[in-house]
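Structure, as structure tokens:
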Amino acid sequence: MNREASMNLRIGIIGLGVMGADHAQTIAASVAGAEVAAISDIDGGRLAAAAHQYNAVAHAEAEDLIADPGVNAVIIASHDSTHSALVEACLAHRKPVLCEKPLAPTVEECVRLVLLEEELDLDFPLVSVGFMRRFHQPYQQLRDLLRAGELGRPLVVHETHRNVHAYPGTTAASVVTNSAIHEIDITAWLLDSPIVEAGWLAPVHPEPPPAWEGPQLIHLRAANGAIASVEVSVNARSAYTVSCEIVGDKGSARMAEPPAVVRTTDLQISRALAADWRPVFADAYRRELQEWTDSIRAGRASTLASARDGLDAACVAEAVLAAMDSGSPVPVRRPDTSSLTDHLVPALKGNTNDVP
Ligand code: ISE
């Protein structure tokens, strides 16, 4: 157990799958002012091993971790379908929460979370969403170039996102809500303009949606007039790769290939590529976790994506899914949250959480 008086932020992590385990490691190895204080996972063996490794409290139930007074901030890295209820529990306990993307798979759930948080009338928001690409330096440099006017008016964004293997249970829809949701968020963030229309295409194939795991082509149109094409493929087999190029009316800029060693053997030139996103975005995850920790300890809003950003991405994802069904481009519908706000949260009032 790790409950001695320390000035570190005591973080509880829910879910020890790929991302929960990765966050635990990053916090322990490279985030200043934070420690892994508690862990929860549905797999008892995995939970016990990680609790031992990090000298952390093990909670079989996620709700007990959130209620634990020894935990002052929570990371949710469990299955997408659990996000909404767990974020709500964090709000009830007034605990800052970093919820892995998506905030929740449906617009309805995201609206509820936004309203619950806003009704608490807090000094700074409690909910952050793990759109870590906002902390990836190449995206930040592309955004800086656009903001400085170096590329002129942005016209087209070309993006690709390829995973090696699909998760079991992947559907055409979950490719949008779990994978393409990154491009949905980062495109609006780069362009500084909300997405207003979405379209969807896929090659003709014997296995059409909903079972389709092959490449999808998503088209986005932003309010400022720019358009984006996103090729997303979760079963590409070749390697994990992500690319982004922005074309403006004065020039274009694209992410360069990551620094790597190029090998020449057997009459071939080659370099190693990543098997998944962790090595590609390791530095972005570290910077995101550091900023989250620093903001909570300083009692200020973080620069991570907010619950409203999570809702916005869900609205665009919903339009993509509607375009997938209808075969035509669909305008993005955004619920008028100001008319929905009545009396959602009396039950959440009254709890406190002391952050070091
Ligand atoms: C995964 O959940 C992630 O968040 C990765 O960043 C993304 O590239 C992958 O497609 C998702 O499945």
Pair list, Cβ under 7 Å, 6 or more apart: the range 46-67 residue aromatic (Phe, Trp, Tyr), other residue part of a helix (DSSP H, G or I): TYR54/ALA24; TYR54/ALA28
For the range 145-164, give me each residue that is open to solvent by 20 Å² or more (accessible area, probe 1.4 Å), out of contact with any Leu (no Cβ under 8 Å at 6 or more places or on another chain) and either within 22 Å of ALA198 (Cβ to Cβ) or polar (S, T, N, Q) (or both). ARG153, LEU155, VAL156, HIS158, THR160, ARG162
Just checking, does the range 176-199 include any residue being in contact with a Phe, Trp or Tyr (Cβ under 9 Å, 6 or more places away or on another chain), more than 21 Å from PHE135 (Cβ to Cβ) and in contact (Cβ under 8 Å) with a residue 40 or more places away in the chain? yes
Go through the range 263-297 and give me each residue that's open to solvent by 90 Å² or more (accessible area, probe 1.4 Å), in contact with a Ser or Thr (Cβ under 9 Å, 6 or more places away or on another chain) and among the aliphatic types (A, V, I, L, M). LEU273
Give the residues of the range 108-144 that are part of a loop (DSSP other than H, G, I, E, B) and open to solvent by 20 Å² or more (accessible area, probe 1.4 Å), sorted by residue number. ASP121, LEU122, ASP123, PHE124, PRO125, HIS136
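Just one of SER78, SER84 is in a loop (DSSP other than H, G, I, E, B), surrounded by fewer than 24 Cβ atoms within 10 Å (Cβ to Cβ) and of a type in the set (Gly, Ala, Ser); which is it?
SER78
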In the range 244-258, is there at least one residue being among the hydroxyl-bearing types (Ser, Thr, Tyr) and either within 16 Å of the ligand (Cβ to nearest atom) or within 25 Å of SER174 (Cα to Cα) (or both)? no
Among residues belonging to the range 327-350 that are aliphatic (A, V, I, L, M) and open to solvent by 60 Å² or more (accessible area, probe 1.4 Å), point out the one that is modelled with the highest pLDDT. LEU340
If we scan the range 7-20, do we find a residue that is part of a helix (DSSP H, G or I) and free of Cβ contacts under 8 Å to residues at least 40 places away in the same chain? no
Based on this model, can you work out whether ARG300 counts as out of contact with any Gly (no Cβ under 8 Å at 6 or more places or on another chain), of a type outside the set (A, V, I, L, M), away from the ligand (no atom under 15 Å from the Cβ) and in a loop (DSSP other than H, G, I, E, B)? yes
Hey, can you tell me all the residues within the range 136-179 that are away from the ligand (no atom under 16 Å from the Cβ) and at positive phi? GLY149, GLY152
Residues of the range 93-107 being open to solvent by 20 Å² or more (accessible area, probe 1.4 Å) and more than 16 Å from the ligand (Cβ to nearest atom), which ones? HIS93, ARG94, THR106
Flag if ALA29 is under 22 Å from the mean Cα position of the chain (by Cα), buried (at least 19 other Cβ atoms within 10 Å of the Cβ) and outside any loop (DSSP other than H, G, I, E, B): no
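If I go through the range 50-63 residue by residue, how many of them are in a helix (DSSP H, G or I) and loosely packed, with under 15 Cβ neighbours inside 10 Å?
Going through the range 50-63, the residues in a helix (DSSP H, G or I) turn out to be 50-54, 62-63.
Of the ones still in play, those that are also loosely packed, with under 15 Cβ neighbours inside 10 Å are 52-53.
Total satisfying the criteria: 2.
The values are calculated or read from the model by the stated rules, or taken from the named source; none is laboratory data. None of these values were measured; they are calculated from a predicted model. In this analysis, Cβ positions are derived from the backbone assuming ideal geometry, glycine residues included, and neighbour counts consider all displayed protein chains. When the accessible area is computed, the model is the full protein with side chains, heavy atoms only, and any ligands, DNA or RNA have been set aside. Shrake-Rupley method; radii C 1.70, N 1.55, O 1.52, S 1.80 Å.
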